Amino acid sequence: MKTEILTLLRERSDYVSGQDLCQKFGVSRTAVWKVIGQLKEEGYEIESVPRKGYRLVQTPDILSESELVSRMDTVWAGRNVHYLTETDSTNQQAKRLAEDGAPHGTLVVADMQTAGKGRRGRSWQQKPGEAIAMSIILRPDFAPEYASMLTLAAADSVVKGIEKTTGMSPMIKWPNDVIVNRKKVCGILTEMGMNLEDGSIDYVVVGIGINVNQTEFPEEIRQIATSLRLEGGDGVQRSSLITEVMRAFERDYELLTERKCLSGILEEYNARLINKDAAVKVLDPKGEFTGTSLGINERGELLVKKEDGTVTEVYAGEVSVRGFYGYV
């Protein structure tokens, strides 16, 4: 009932009477009063006026299942929320849930992550109350070769969510880093579970980590990492940002699954691509090479024009941009 009352308070700009709440949920005034008390203890500023009722005045930076569910207005993305105050990794937790049959669109969110991981097995940790660690479970009806495009769609969605929430103009470093003022604020890790009988996709987990309200970083990453708070000067409400990212991702995902390519977001992705028209160094296991990035194609491959004029489609591997992330 707490989630339902919070949702109703959030939807109304005026007061909601205690009697209306009692009738709507079939409970006593005492039960309503207790829920209002719980919400106030969690940090919600709720005004109580005799003969008028209750009004939600302000919501601080709270992460909880009730807070997220009360905000989510998508059709399927993030409608089923699993919230954890602490976990080893939201991707690991999401994979466990997926293997147990969790439905498409299930979202795992944690306030604290102790063993998160990025690309190439790099570790990623967060303290309580600072960052967003979330993973969404997807059950796409397409071949495994399309799964890599989900990472790019997620990056595009994070950028749109940050723009909507903060007014900032982030960029994307192909394929999965979101950048503000030439420093990283978000990384994305996509992992896939296969059906061993027919080689089809059983599930895909897209993990998203966003630096939101951190005010400092370890010395070893201070030159390349930042947070939305450091760049914007104000704290950001994480639940609001999560909601905006899910709204954007639902749209991007449906465009991808409908077209089986990234044509639906190609123009906006390339407009946000910090690699575009930049000198790049491709760290290919077959041999490093340099060139100029021309943007991505509909399959999400980075098009790189080499010094001899030929254009190569880069599907995997690390890409460095000249003068960026330590590549000069």
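As an exercise: evaluate GLU244 against (1) under 17 Å from MET149 (Cα atoms); (2) among the charged types (D, E, K, R); (3) not in a loop (DSSP other than H, G, I, E, B) and give the number of the one condition it does not meet.
The one condition GLU244 does not meet is (1).
Criterion first (within 23 Å of TYR315 (Cα to Cα) and modelled with pLDDT of 95 or more) does VAL212 satisfy it?
Values: within 23 Å of TYR315 (Cα to Cα): no; modelled with pLDDT of 95 or more: yes.
Against the criterion (within 23 Å of TYR315 (Cα to Cα) and modelled with pLDDT of 95 or more), VAL212 does not qualify.
Quick check on this structure: which one of GLU298, GLU267 is acidic (Asp, Glu), free of Cβ contacts under 8 Å to residues at least 60 places away in the same chain and in the same structural domain as LYS160 (by TED's automatic domain parsing)? Working first, answer last.
On the way: GLU298 fails: in the same structural domain as LYS160 (by TED's automatic domain parsing).
Testing whether each residue is acidic (Asp, Glu), free of Cβ contacts under 8 Å to residues at least 60 places away in the same chain and in the same structural domain as LYS160 (by TED's automatic domain parsing) leaves just GLU267.
Provide a single number: the residues in the range 154-206 that are part of a loop (DSSP other than H, G, I, E, B), over 17 Å from ALA225 (Cβ atoms) and of a type outside the set (A, V, I, L, M).
Of the range 154-206, the ones part of a loop (DSSP other than H, G, I, E, B) are 167-170, 174-176, 181-182, 195-200.
Filter once more, keeping what is over 17 Å from ALA225 (Cβ atoms): 167, 169, 174-175, 195-200.
Pick out the ones that are also of a type outside the set (A, V, I, L, M) and you get 167, 169, 174-175, 195, 197-200.
Residues flagged as part of a loop (DSSP other than H, G, I, E, B), over 17 Å from ALA225 (Cβ atoms) and of a type outside the set (A, V, I, L, M) within the range 154-206 amount to 9.
Mind telling me which of the residues ARG299, ARG229 ends up being under 24 Å from the mean Cα position of the chain (by Cα) and outside any loop (DSSP other than H, G, I, E, B)?
Working: ARG299 fails: outside any loop (DSSP other than H, G, I, E, B).
Checking each option against the conditions leaves just ARG229.
Just name the residue that is nearest to LEU150 (Cα to Cα) out of those in the range 247-264 that are of a type in the set (Asp, Glu) and in contact (Cβ under 8 Å) with a residue 40 or more places away in the chain.
Keep residues of the range 247-264 that are of a type in the set (Asp, Glu), which gives 250, 252, 254, 258.
Now restrict to residues that are in contact (Cβ under 8 Å) with a residue 40 or more places away in the chain: 250, 252.
Working: GLU250: 11, ASP252: 9 Å.
Result: ASP252.
Filter the range 251-296 for residues that are part of a loop (DSSP other than H, G, I, E, B) and among the basic types (Lys, Arg); which is nearest to ASN181 (Cα to Cα)?
Pass one, the range 251-296, residues part of a loop (DSSP other than H, G, I, E, B): 260-265, 272, 274-278, 284-288.
From what is left, the residues that are among the basic types (Lys, Arg) are 260, 272, 276, 286.
Numbers: LYS260: 32, ARG272: 13, LYS276: 16, LYS286: 32 Å.
Going through the qualifying residues, I end up with ARG272.
Using beta carbons and a limit of 8 Å, which pairs, at least six apart or on different chains, have the first residue in the range 201-222 and without any contact (Cβ under 8 Å) to a residue 24 or more places away in the chain and on the phi > 0 side of the Ramachandran plot and the second one among the β-branched types (Val, Ile, Thr) and assigned to a loop (DSSP other than H, G, I, E, B)?
Sorted first by the residue in the range 201-222, then by its partner, the list stays empty.
Considering only the range 102-119, I want to know if a residue exists there that is modelled with pLDDT under 95, surrounded by 18 or more Cβ atoms within 10 Å (Cβ to Cβ) and either of a type in the set (Lys, Arg) or not assigned by TED's automatic domain parsing to the domain that holds LEU255 (or both).
Within the range 102-119, one or more residues are modelled with pLDDT under 95, surrounded by 18 or more Cβ atoms within 10 Å (Cβ to Cβ) and either of a type in the set (Lys, Arg) or not assigned by TED's automatic domain parsing to the domain that holds LEU255 (or both).
What are the residues in the range 13-26 that are within 24 Å of LEU68 (Cβ to Cβ) and surrounded by 14 or more Cβ atoms within 10 Å (Cβ to Cβ), if any?
Residues satisfying the conditions are VAL16, LEU21, LYS24, PHE25.
The values are calculated or read from the model by the stated rules, or taken from the named source; none is laboratory data. Computed from a predicted model, the values in this text were never measured in an experiment. Counting neighbours? That spans all protein chains shown, and the Cβs are built from the backbone with ideal geometry, glycine included.
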